[in-house]
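The values are calculated or read from the model by the stated rules, or taken from the named source; none is laboratory data. What you see is a predicted model, and the numbers here were worked out from it, not measured in a lab. Positions of Cβ are backbone-derived with ideal geometry, glycine not excepted, and every protein chain shown enters the neighbour counts.
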Amino acid sequence: MITQQLLDYIREELKKGTSKEQIKNVLIASGWQAQDVEEAFSLISNSSSPSSSVPTPTKNVSSLPSATAILGQALAIYKQRIGTFLGVMIIPVLIATVVTVWGIFSGIGLLISFFSSKFAIVGIALVIGLIILLVIAAVIIQMWGQTALIYAIKDSQERIGVIESYRRGWHKTISYLWISFLVGLITLGGALFFVVPGIIFFIWFSLAGFVLIAEDLRGMDALLKSREYVRGKWFSVFWRFFFFGVIAAIPGIVFKFVNIPFSKEIVELFLTPLAMSYGFLVYSNLKAVKGEMAFAPTKGRKAVFIVIGILGILIILAILLSPVFLGLGSARERARDARREADISQIQAALEMYYTEHNSYPFSLNELSPKYLPSVPLDPLKNQPYQYQSNGKDYQVCTQLESTKTQKCVSPQ
């Protein structure tokens, strides 16, 4: 149904220089029927005189709407669809809570039952497996919620509800998870090169999820199509996302300052749909600006980003395994230090036996072998004799400890 509000909105946007295609995208995403929007444009066109101040929209648009204009459009969609958006957002939280509580009680039950028997190790293994399954389930549920939210935004004109959004989003969940994983790896791999390439890659591929849902391109194709949309508009896109990021940070700071319980969860619940709507509008407007593009990514172009993604995997593995290697190295250092302390104690005992028979200490540790020592101990790492000083009446045997970076010495005193 055509209303005065619809006509006024179109007139105002035309005055701002917004193209017809961009206005149509926003209105349809906000829930207006495409036929009503076309009729509204026809009414405005017929009622406009040649001297009208409304600029004639051009077919090819060269610039994106401003960050504030896109935010205003996103808020309009958010207001109209807030019930559906919050319904979509709350379901993963409820499912994750139920699954987590069930997992905790199941894990406790398994541990109690197995610790009371001789199969305690089996019980621990089962609990660890249960935890892994819960983590995987939580990730899939989160991704499903993201795809459902994008469908709720994309198909707003159909007024689809929460259940339908989830039904449409389900078959894209694994693909969306895979794309998110690829973007994360490539961004991380790019960050290896002085951070800046990571930021560039993040903006390039920020629209990949929307390309997946709206254009049914998957994997690396969705990432590279996102890059094609951003190409030549990188700073414009970066600024619009940066602007929204600054605005979005304000509620979190305020909530944290007034110390409201569960402030982070509340902010995410209400802010995520707005952020997703804003991102989808950036994508829709970029698509209107670029128009239909011939897109045929080459294998070579894909290979470049696959290599960068592999670097991201290596970084993650290095981060995860570094504590293990550090722990192993530390254990080896402590073991060698224990050997050193035992060696100098053994040398000290042999020196005292030597002194009992000769009433003096030897000027070299070699004099202790083989009568007092089978062989003179050597440092387990350097394979060199320990530091020894003697004037016949006194001595000092020293070693450098690895784990504490200190020197330990023994003497007659």
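When residues of region 5-28 are filtered for being of a type in the set (Gly, Ala, Ser) and more than 26 Å from residue 152 (Cα to Cα), how many remain?
Our first condition is that a residue be of a type in the set (Gly, Ala, Ser); within region 5-28, this holds for 17, 19.
Filter again for more than 26 Å from residue 152 (Cα to Cα), leaving 17.
Result for region 5-28: 1.
Of all residues in region 208-255, how many are among the aliphatic types (A, V, I, L, M), assigned to a helix (DSSP H, G or I) and under 21 Å from residue 152 (Cβ atoms)?
Going residue by residue through region 208-255, those that are among the aliphatic types (A, V, I, L, M) are 208, 211-214, 217, 220, 222-224, 230, 237, 246-250, 253-254.
Then keep just the ones that are assigned to a helix (DSSP H, G or I); that gives 208, 211-214, 220, 222-224, 230, 237, 246-250, 253-254.
Filter once more, keeping what is under 21 Å from residue 152 (Cβ atoms): 208, 211-214, 222, 248.
The total comes to 7.
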Does residue 268 satisfy being closer than 24 Å to residue 63 by Cβ and acidic (Asp, Glu)? no
Say we look at region 394-406 and pick out the residues that are closer than 22 Å to residue 332 by Cβ and touching a helix residue (DSSP H, G or I) at 6+ places or on another chain (Cβ under 6 Å); which of these is surrounded by the most Cβ atoms within 10 Å (Cβ to Cβ)? 399
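Which residues, counting only those in region 256-284, are of a type in the set (Phe, Trp, Tyr), part of a helix (DSSP H, G or I) and either closer than 25 Å to residue 87 by Cβ or touching a residue at least 60 places away in the same chain (Cβ under 8 Å) (or both)?
Within region 256-284, 270, 278, 280, 283 meet the criteria.
Here is a check on your reading of the model: is residue 55 within 30 Å of residue 230 (Cα to Cα) and modelled with pLDDT under 80? Walk me through it before giving the result.
Numbers: within 30 Å of residue 230 (Cα to Cα): yes; modelled with pLDDT under 80: yes.
When the stated conditions are applied, residue 55 passes them.
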Residue under evaluation residue 158, criteria (1) farther than 30 Å from residue 100 by Cα; (2) touching a residue at least 12 places away in the same chain (Cβ under 8 Å), criterion not met: (2)
With respect to residue 93, is the statement that it is modelled with pLDDT under 90, out of contact with any Lys or Arg (no Cβ under 6 Å at 6 or more places or on another chain) and not in a helix (DSSP H, G or I) true? no
Evaluation of residue 205 against (1) assigned by TED's automatic domain parsing to the domain that holds residue 272; (2) within 17 Å of residue 276 (Cα to Cα) (one fails), failing number: (1)
Determine, yes or no, whether residue 207 is within 18 Å of the chain's Cα centre (by Cα) and surrounded by 19 or more Cβ atoms within 10 Å (Cβ to Cβ). yes
The conditions are (1) surrounded by fewer than 20 Cβ atoms within 10 Å (Cβ to Cβ); (2) under 21 Å from residue 92 (Cα atoms), and residue 242 fails exactly one of them. Which is it? (2)
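Taking the condition of being more than 30 Å from residue 331 (Cα to Cα) and exposed (fewer than 12 other Cβ atoms within 10 Å of the Cβ), how many residues in region 367-393 meet it?
Within region 367-393, the first condition is being more than 30 Å from residue 331 (Cα to Cα), and the residues that meet it are 367-372, 389-393.
Subset that is exposed (fewer than 12 other Cβ atoms within 10 Å of the Cβ): 370-371, 391, 393.
Within region 367-393, residues that are more than 30 Å from residue 331 (Cα to Cα) and exposed (fewer than 12 other Cβ atoms within 10 Å of the Cβ) number 4.
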If we keep only residues of region 109-138 that are surrounded by fewer than 14 Cβ atoms within 10 Å (Cβ to Cβ) and at pLDDT 70 or above, then the residue farthest from residue 176 (Cα to Cα) is 125
The residue from 196, 211 that alone is of a type outside the set (Gly, Ala, Ser) and more than 29 Å from residue 25 (Cβ to Cβ) is 196
Can you tell me which residue is farthest from residue 201 (Cα to Cα) among those in region 238-255 that are touching a residue at least 40 places away in the same chain (Cβ under 8 Å) and over 20 Å from the mean Cα position of the chain (by Cα)? 247
Residue pairs qualifying under the 7 Å Cβ cut-off, at least six apart or on distinct chains, with the first in region 60-78 being buried (at least 23 other Cβ atoms within 10 Å of the Cβ) and the second being hydroxyl-bearing (Ser, Thr, Tyr) and at pLDDT 90 or above, are 70/278; 74/277; 74/278; 77/277
When region 15-30 is checked residue by residue, the ones that are within 21 Å of residue 80 (Cα to Cα) and of a type in the set (D, E, K, R) are 21, 24
Which number in (1) assigned by TED's automatic domain parsing to the domain that holds residue 87; (2) basic (Lys, Arg); (3) without any contact (Cβ under 8 Å) to a residue 24 or more places away in the chain marks the one condition that residue 227 misses? (1)
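Identify, from the list 264, 287, 233, the residue that is closer than 24 Å to residue 90 by Cβ and charged (D, E, K, R).
Values: 287 fails: closer than 24 Å to residue 90 by Cβ; 233 fails: closer than 24 Å to residue 90 by Cβ.
Unique residue meeting the criteria: 264.
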